[in-house]
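What follows is a short report on a single structure.
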């Protein structure tokens, strides 16, 4: 399975806006887990993990496409082959240069197009608005 890089003529202005939004989301939203007091304490000082912030949905979807087969949950690596900094670089290349040679660039571009088309479908024209 070979993926080729995207080239500039494939990225239209509407999708470019969504790539910029995705980059901003990647900066603003990330998985943050904190320890909080357990609602039903089983012992003194009992705490549980609580998710405070989550990764963007598109990023979760991308990560789920490229899972790492690992044997041990104590492994220091994440469950995905995707690295956040790499995705930021790809997004920056797509935005600034109009292309990326990355293996993941097609997937990222597909996710941006998908978001654009979904929003376009859900858009209500002012004339069609009932109020």
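Please treat every number below as a calculation from the coordinates, not as lab data. Just so it is clear, the structure is predicted and the values come from calculations on it, not from any experiment. With ideal geometry, Cβ positions are generated from the backbone for all residues, glycine too; neighbour counts draw on all protein chains shown.
Structure above, values below:
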{"item": "Stretch gain in nm, segment residue 57-residue 12, where the contour uses 0.36 nm per residue and the Cα spacing is subtracted", "result": "14.0 nm"}
{"item": "Nitroxide proxy distance, nm - points 7 Å out along Cα→Cβ at residue 33 and residue 97", "result": "3.5"}
